[in-house]
Amino acid sequence: MTWFADNAWITVALPFVLAVAVAISGRVLGRAVAWLAMLAPLSVLVTGVSAYLAIAGGRTPGEGSFEWISSAGMSISAGWHVDGLVALMLLVVGLVALMVMVFSVGYMAEEPGFTRYFALLCLFTGSMSALVIADGLAGLFIGWELVGACSYLLIGFWFTKPEAAAAAVKAFLTTRVGDIGLLLGLLLLWREVGALDYATLLPVAAQLAPGVATVAALLLAVGAMGKSAQFPLHIWLPDAMEGPTPVSALIHAATMVAAGVFLVSRVWPVFEASPAAQTVVLAVGAFTALAAATIALAQSDIKKVLAYSTISQLGFMFAALGAGAWIIAMFHLATHAAFKALLFLGSGSVIHGTGTQDLRKMGGLAKAMPVTAVTWVIGSLALAGVPPLAGFFSKDEVLHAVWSSQPIAGAVLFAASALTAFYITRATMLAFAGSYRGSGHPHESGPVMAVPLVVLAAVAAVAGFGGGRIAVLLGGHAEKLHLTTAAVSTGIAVVFIALGALVYKRGVFADSALESKLGPLWPVLGRAYGFDALVASVIVRPVTTFCSWLYRTVDRVVIDGAAEGTAWLANRTGDVLRRMQMGDVQWYSSLVVTGFIVLFVLSIMWQRIVGFVGVGG
């Protein structure tokens with residue numbers, strides 16, 4: 001086991017090799033390539049366990065680096081480094097990715113792109129590991145861009161579907177906005193420090209000039225906000241649900257979207273040097289948590305409910321970061337990965353069993369899908385923060401940290417917690433309670449899809465008790481349960497779960513009742529406050545209009561006109577010269593004489609011009 005901790009590069013190399021192996025062996029192995037692909041997340045999980053055991057035993061895992069770029073006295077190295085933060089992320093990535101791959105064997109069984117799908121999952125696993133184990137921001141940025149590329153390919157997996165293709169492009173372009181901020185932050189830190197490896201950069205972060213530290217931290221925060229779908233760069237994540245549901249569980253609920261939280265935690269000394277940047281992160285996180293929770297209330301697509309829930313929970317993590325509690329943010333990241341991956345896979349099981357994502361066409365699934373129903377309820381209660389499930393412990397610490405730092409932001413998070421309990425109860429009642437409203441014949445998923453649900457449900461049930469171990473692993477200390485905060489948050493969860501169950505015992509008719517009471521606010525929530533339309537009218541349309549004008553005017557008229565005009569002129573000149581070739585000797589003689597006369601006259605004129613200039617000089 002110690003070999004894996006000392007050679008963490010295997011978590012990148014093996015998945016990349018397996019991605020190629022799966023891609024080229026699909027025709028030979030058929031559906032068996034899925035089991036070959038599972039070696040990728042398994043290697044990540046084993047490395048995470050090995051690293052945890054090594055660190056818990058007081059031993060520092062091995063590390064290594066190599067010179068990546070060397071030019072004109074400039075040198076950038078790339079390598080790997082394992083500490084408690086890396087070990088935790090490897091455990092999260094490895095476990096979730098493994099469960100998603102097992103689940104996908106059943107969920108994607110009939111898909112023609114089966115081999116391509118698992119090759120991409122291997123590629124993503126290796127890319128996410130590269131981001132996590134990197135010993136500096138240069139290596140992190142490479143992994144950061146690779147996971148973005150994998151996300152694009154997996155969101156657009158069904159590329160013949162226009163909505164999926166558009167969602168992939170939207171995700172790619174939106175996250176690139178954040179990536180520009182990240183890149184500029186890297187360049188600024190490089191200019192100030194002269195290095196990007198953590199061992200050199202982080203110890204001197206406190207010595208940065210206050211203005212430099214603030215600008216660098218804010219630029220890094222922009223990158224984190226893009227990847228973790230925080231306002232105003234959140235718009236890509238709901239559309240990303242066009243990809244296969246297991247992809248949503250892996251990339252857009254548990255791992256890639258958490259990369260922003262990991263980034264801020266990884267370079268925490270830079271943020272610690274800038275209270276202003278922490279305040280911005282706190283404000284963005286609190287606002288996003290509440291706004292996304294309100295939007296989730298009115299969604300009829302089960303995956304959209306979970307998508308906005310993910311945005312909201314990431315907002316909780318950002319608020320904790322802004323409050324200076326990065327260890328607590330990472331604790332919530334770990335627990336959230338378990339119960340949100342569980343809920344997404346549970347929604348996949350529901351979609352697989354009913355053939356629809358529309359909550360209005362479900363109902364009564366608890367009888368037809370008992371395993372899915374029980375595991376879904378466990379995930380829902382964990383999300384709502386009901387003790388003793390994982391979400392209760394981590395959310396309690398987030399609420400306490402934010403309330404202690406900024407009571408207004410803490411009150412916002414308490415409100416978001418109440419809405420969380422209500423909207424997840426709504427989704428549960430619409431999907432599993434009452435009678436079936438669809439037209440098909442719902443059925444329980446097979447064992448290959450049920451086993452990952454059970455495993456993740458077990459983790460979601462007990463992971464909260466590991467909060468102390470996680471804190472120690474990350475260099476902190478175990479927090480005691482804050483009884484007042486726990487009592488208030490539990491009371492809020494129980495009350496709003498009961499309220500949700502009471503309101504939605506009527507099924508879909510409750511939506512109509514709420515719409516009549518809320519008036520125009522309900523459709524506004526359903527349209528996510530019209531932010532997409534605002535972005536389309538303020539940014540997308542002006543840019544596309546300007547680009548169309550550039551195409552019609554600059555490209556077609558000026559550039560193409562110059563190129564095509566040159567060709568036309570050469571063609572016309574050649575045509576004129578061709579007509580002069582008549583085969584008439586007298587005509588040729590006349591041309592020769594005329595040419596001689598012209599050249600003679602020009603030479604005399606040139607001599608006079610030169611003489612005149614010489615005299616004048």
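Among the residues in the stretch 116-125, are any outside any strand (DSSP E or B), open to solvent by 40 Å² or more (accessible area, probe 1.4 Å) and within 21 Å of residue 262 (Cα to Cα)? Yes, that holds for at least one residue. Taken over the stretch 335-357, the criterion of being surrounded by fewer than 24 Cβ atoms within 10 Å (Cβ to Cβ) and in contact with a helix residue (DSSP H, G or I) (Cβ under 8 Å, 6 or more places away or on another chain) is satisfied by 351, 352, 353, 357.
Of the helices (runs of 4 or more DSSP H) lying entirely inside the stretch 1-109, those containing at least 3 residues that are within 15 Å of residue 127 (Cβ to Cβ) and either β-branched (Val, Ile, Thr) or within 22 Å of the chain's Cα centre (by Cα) (or both) are 10-29, 39-56, 84-107. So for the stretch 561-577 (the condition being modelled with pLDDT under 80 and not in a helix (DSSP H, G or I)), does at least one residue qualify? No, every residue in the stretch 561-577 fails to be modelled with pLDDT under 80 and not in a helix (DSSP H, G or I). Per the listing 205, 276, 213, the residue uniquely open to solvent by 30 Å² or more (accessible area, probe 1.4 Å) and farther than 26 Å from residue 151 by Cα is 276. Of all residues in the stretch 296-310, those that are open to solvent by 10 Å² or more (accessible area, probe 1.4 Å) and assigned to a helix (DSSP H, G or I) total 2. When residues in the stretch 510-553 are screened for being within 25 Å of residue 288 (Cβ to Cβ) and of a type in the set (Ser, Thr, Tyr), 2 of them pass. For residue 114, state whether it is aromatic (Phe, Trp, Tyr) and over 28 Å from residue 231 (Cα atoms). Yes, satisfied. Screening the stretch 82-112 for residues that are touching a Phe, Trp or Tyr at 6+ places or on another chain (Cβ under 7 Å) and open to solvent by 10 Å² or more (accessible area, probe 1.4 Å) and picking the one that is nearest to residue 60 (Cα to Cα) gives 91. Residue check: is residue 502 part of a helix (DSSP H, G or I), modelled with pLDDT of 90 or more and open to solvent by 70 Å² or more (accessible area, probe 1.4 Å)? In short, yes. Pairs meeting the criteria (first residue in the stretch 479-508 and charged (D, E, K, R), second residue assigned to a helix (DSSP H, G or I), beta carbons under 6 Å, at least 6 apart or on different chains) are 479/397. Candidates 56, 23, 19, 32: the one that is among the aliphatic types (A, V, I, L, M) and open to solvent by less than 20 Å² (accessible area, probe 1.4 Å) is 19. Among the residues that make up the stretch 190-207, is at least one of them of a type in the set (Lys, Arg) and touching a residue at least 12 places away in the same chain (Cβ under 8 Å)? No, the conditions are met nowhere in the stretch 190-207.
The values are calculated or read from the model by the stated rules, or taken from the named source; none is laboratory data. Computed from a prediction, not measured in an experiment: that's the story for all the values here. We place every Cβ from the backbone using ideal geometry, glycine too, and count neighbours over all the protein chains shown. Ligands, DNA and RNA are stripped out before the accessible areas are found, and what is left, the full protein with its side chains, is counted by its heavy atoms. Shrake-Rupley method; radii C 1.70, N 1.55, O 1.52, S 1.80 Å.
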